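Q: First the structure, which I've put down as structure tokens, then a few questions once you've had a look.
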Amino acid sequence: MKSLEHDPFLTKSQFSAFALGTFFLIAYWLFGFDGITFSDDVYYLLAGQKFWDGSMEVNDYHFSSRWGAYVPAGLIGLIFGFDPHKISLISLLSYVITIFLLVKVLPKASLTWVLVGWICTQVYLLHFLTKVYPDSLLVLWTTLLPVAATSRKSKPIFSGILMISALFIGFITKETIVFLAPFPLLLFYFDLKEKELNWRFYYSLIGTAILLGIAYLGYFWIEFGNPLHRITSINAGHYISDYTYADKGFWSILERLTILPVLTFVERAYWPWMVFAVPGIIEGWKGGNSAARVFSLALACLLIGFWFMSSTLAFYNPIYLNPRHLIILIPILAFLITSEWRSWQVSTKWKSYLGMLLGLGIVVAMLIQDWKMAAFNAAFLLPLYSKNQKISTALFGLILLLPAIYSIYYQKNLKQYNNLIHTLTTDLQNADSKENIYTHSFLDFSKKVLLADDTLAQEKLLSLYQFPQDSLLQPERLKVLIYDYYLHAYPEEQEDIDVISVWLSKNYELVESQRSGNITVSEWKLDVGK
């Protein structure tokens with residue numbers, strides 16, 4: 001087999017950077033797994049399993065038609081077994097292919113190490129490396145669009161087919177990729193303006209779009225009697241919640257469209273990526289760097305979509321800027337950072353501009369009293385203004401790498417997932433134990449993944465709100481498991497805990513309480529005297 005090291009598309013330096021980035025991602029995947037998120041990933045894990053055993057059904061719930069998310073994940077589970085960590089190999093594969101594609105289209109003179117460094121160290125991108133979410137797969141499909149566009153003149157037919165295929169697969173993975181729907185139109189406009197139109201590219205693009213569109217809409221027409229069923233289900237699936245704005249008035253929407261995006265980019269550690277991409281956007285565009293232009297257009301589409309897109313067609317409700325959704329920006333930002341990395345380093349003017357933008361991030365972080373993000377953004381000022389190139393490179397590497405590595409310790413210590421699994425299996429699989437265990441709704445929701453292949457244990461794990469209200473049905477003994485991680489991820493469950501604590505004190509007597517790490521298991525017996 002031909003070694004990648006001799007691939008004519010990769011220089012020795014490019015191969016070395018790609019190999020090191022891949023090694024880092026594999027190592028992070030191996031040691032950084034902190035468990036499932038007890039949320040949407042549960043659905044995708046179970047849907048993937050059902051698909052490959054033939055029991056999955058597409059219905060009105062819009063997640064059910066996200067084949068691109070759960071079908072490949074389910075295939076990994078079919079091959080390696082139903083284990084959340086192993087199934088997240090699909091996310092690892094998505095990231096590795098993404099880096100390889102970017103390295104291939106990066107100009108040979110560019111610093112590939114910079115590209116790999118800025119992709120492999122964003123903490124949210126890494127967090128979902130070990131999860132089964134559509135966003136991690138969408139990283140690949142959103143990247144593939146501008147990558148394919150760079151060869152629209154040299155390989156027009158292949159490029160057109162690849163672009164629309166990526167857009168289509170991305171859409172059946174997660175609808176966020178519709179932000180890139182204007183991307184081909186922008187390409188056409190600028191190609192037309194510069195008199196560089198390659199009609200074969202646009203013919204293949206339109207032809208592929210028509211064929212895939214007919215097949216996709218035809219499926220829903222045959223299956224549900226409505227070719228727009230998916231759009232209807234997506235619209236119905238976005239509802240009023242704590243993370244919506246339309247129900248909270250004009251000022252809430254205005255805040256979301258002005259202040260909140262900047263706060264999110266700063267608070268969620270995206271700001272330095274956006275700052276250092278600016279030279280790539282401006283200089284690459286002015287200098288006629290076709291790859292930088294293409295990636296700049298893709299970035300513009302994504303940012304405008306994230307900033308202004310509505311989550312529903314029924315009324316205008318700007319989408320909630322979930323930091324998980326934003327990870328699809330990272331590969332494109334990393335490419336733009338790399339494309340003009342050398343330019344700003346020899347420009348006093350650019351250093352001043354970048355310093356001011358970092359300063360804005362510092363001020364915003366301080367205003368919201370996020371001292372960690374203030375320090376993180378401030379740290380980049382050191383390598384930015386360092387006159388010694390080697391010291392500057394080392395500082396950039398440390399500033400990017402240390403938070404990424406620390407995040408493993410932080411998440412594992414916060415979550416203590418292995419302790420949770422051990423406690424659940426020990427208490428629920430105890431042959432002498434007849435009591436149900438009442439716990440958080442998010443653990444009850446996740447029990448088919450947490451306690452896979454043990455239906456008896458699953459039946460004994462119940463949600464806190466399922467306590468019997470009828471005194472005649474109250475069990476003589478019961479257990480309550482409180483997992484302190486809810487304070488971080490699901491604080492709204494405090495209401496259930498408060499209500500049940502009052503109920504327990506009125507009807508039961510505490511027999512025993514054991515605490516292990518962030519888990520407390522208390523055993524209660526019915527107090528007949530109350």
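The values are calculated or read from the model by the stated rules, or taken from the named source; none is laboratory data. Since the model is a prediction, treat every value here as computed from it, not as a measurement. Counting neighbours? That spans all protein chains shown, and the Cβs are built from the backbone with ideal geometry, glycine included. Side chains included, ligands, DNA and RNA excluded: accessible areas come from the protein's heavy atoms. Shrake-Rupley method; radii C 1.70, N 1.55, O 1.52, S 1.80 Å.
Q: Length gain on complete extension for the stretch residue 83 to residue 525, per 0.36 nm per residue less the alpha carbon to alpha carbon distance?
A: Details: separation 442, 0.36 × 442 = 159.12 nm, distance 3.58 nm.
Extra length from residue 83 to residue 525 when fully extended: 155.5 nm.
Q: Continuing with this model, one more query. Could you size up the charge dipole of segment 141-269 around its Cα centre, putting +1 on the beta carbon of Lys and Arg and -1 on that of Asp and Glu, and report it in debye to the nearest 20?
A: On the way: 11 positive and 9 negative charges, 96 e Å.
Magnitude of the dipole: close to 460 debye.
Q: From the helices alone, meaning DSSP H stretches of at least four residues, give me the mean residue ellipticity at 222 nm for the chain, per-run term -39500 (n - 2.57), in deg cm²/dmol to the nearest 500. Numbers along the way, then the final one.
A: On the way: 28 runs with 333 residues, N = 530.
Taking each H run of at least 4 residues, the total per residue is -19500 deg cm²/dmol.
Q: Once you place label points 7 Å from the Cα toward the Cβ at residue 263 and residue 375, how far apart are they in nm?
A: Roughly 2.3 nm, to one decimal.
Q: Hey, can you rank 277-285, 373-381 by average C-beta count inside 10 Å, highest first? Don't skip to the answer; put the middle values down first.
A: Numbers: 277-285: 20.7, 373-381: 18.9.
Highest mean packing first, the order is 277-285, 373-381.
Q: Under 21 Å Cα-Cα from residue 193, which lysines qualify once same-chain neighbours fewer than 8 residues away are excluded?
A: 153, 155, 286
Q: Here's a follow-up. Can you list the residues, at least 5 places off or on another chain, whose amide H is less than 5 Å from the amide H of residue 438, using H built in the peptide plane?
A: 462, 479, 480, 481
Q: Which FRET efficiency value, to the nearest 0.05, is calculated for residue 476 and residue 512 with the Förster distance at 22 angstrom and r the Cβ-Cβ distance? Spell out each step's value before the answer.
A: Values: r = 15 Å, r/R0 = 0.68.
Here the calculated transfer efficiency is 0.90.
Q: Still on this structure, I have one more. Among 494-503, 393-402, how do they line up from the highest to the lowest mean number of other beta-carbon atoms within 10 Å? Intermediate values should be presented prior to the final figure.
A: Working: 494-503: 13.1, 393-402: 16.1.
Taking the mean over residues of other Cβ atoms within 10 Å, the ranking is 393-402, 494-503.
Q: With a 1.4 Å probe and all protein chains kept in place, how much accessible area does residue 23 have, in Å² rounded to the nearest 10?
A: The accessible area of residue 23 comes to roughly 140 Å².
Q: On to the next question. Set the Förster radius R0 to 30 Å, insert the Cβ-Cβ distance between residue 228 and residue 308 as r into 1/(1 + (r/R0)^6), and round the FRET efficiency to 0.05. If you can, show how the numbers build up before the last one.
A: Numbers: r = 23 Å, r/R0 = 0.76.
Here the calculated transfer efficiency is 0.85.
Q: If you stretched the chain out fully between residue 360 and residue 214, how much longer would it get, using 0.36 nm times the residue separation minus the C-alpha to C-alpha distance? Each step should come with its number before you reach the end.
A: On the way: separation 146, 0.36 × 146 = 52.56 nm, distance 4.79 nm.
Fully extending the segment from residue 360 to residue 214 adds 47.8 nm.
Q: Evaluate Rg over Rh across segment 474-530, taking Cα atoms for both radii and Kirkwood's formula for Rh. Before the final figure, lay out the partial values.
A: Numbers: Rg = 12.3 Å, Rh = 12.2 Å.
Using Cα coordinates only, the ratio equals 1.01.
Q: Follow-up question, since we're still on this one. Would you mind telling me the share, in percent, of accessible area of segment 8-113 contributed by carbon and sulfur at probe 1.4 angstrom?
A: Details: 3110 of 4440 Å².
Answer for segment 8-113: carbon and sulfur cover 70 percent of the accessible area.
Q: Which length gain, in nm to one decimal place, applies between residue 352 and residue 502 when the Cα-Cα distance is subtracted from 0.36 nm times their residue separation? Before the final figure, lay out the partial values.
A: Numbers: separation 150, 0.36 × 150 = 54.00 nm, distance 5.95 nm.
So the chain would gain 48.0 nm between residue 352 and residue 502.
Q: Continuing with this model, one more query. Where a Cα-Cα gap under 16 Å defines reach, which aspartates and glutamates qualify for residue 372, not counting those fewer than 8 residues away within the same chain?
A: Leaving aside aspartates and glutamates fewer than 8 places away in the same chain, those within reach of residue 372 are 267.
Q: Take every DSSP beta bridge whose two residues both sit in the chain, then give the antiparallel share in percent to the nearest 5.
A: Details: 16 of 21 bridges.
If we restrict to bridges inside the chain, about 75 percent are antiparallel.
Q: For segment 74-143, what is the convex hull volume of the alpha-carbon atoms per residue, in Å³?
A: 85 Å³
Q: Students often get this wrong, so check it: of 415/447; 104/390; 174/448, which have C-alpha atoms separated by over 20 Å? Spell out each step's value before the answer.
A: Working: 415/447 16 Å; 104/390 26 Å; 174/448 24 Å.
Over 20 Å apart, Cα to Cα: 104/390; 174/448.
Q: Pick out, from 163, 76, 501, the residue whose Cα sits farthest towards the positive end of the charge dipole of the chain, with +1 on the Cβ of Lys and Arg and -1 on the Cβ of Asp and Glu.
A: My answer, from the dipole projection, is 163.
Q: Using bins 10 angstrom wide from zero, how does P(r) for the chain break down, in % of all Cα pairs?
A: So the P(r) values, bin by bin, are 3, 16, 25, 26, 17, 8, 3, 1, 0.
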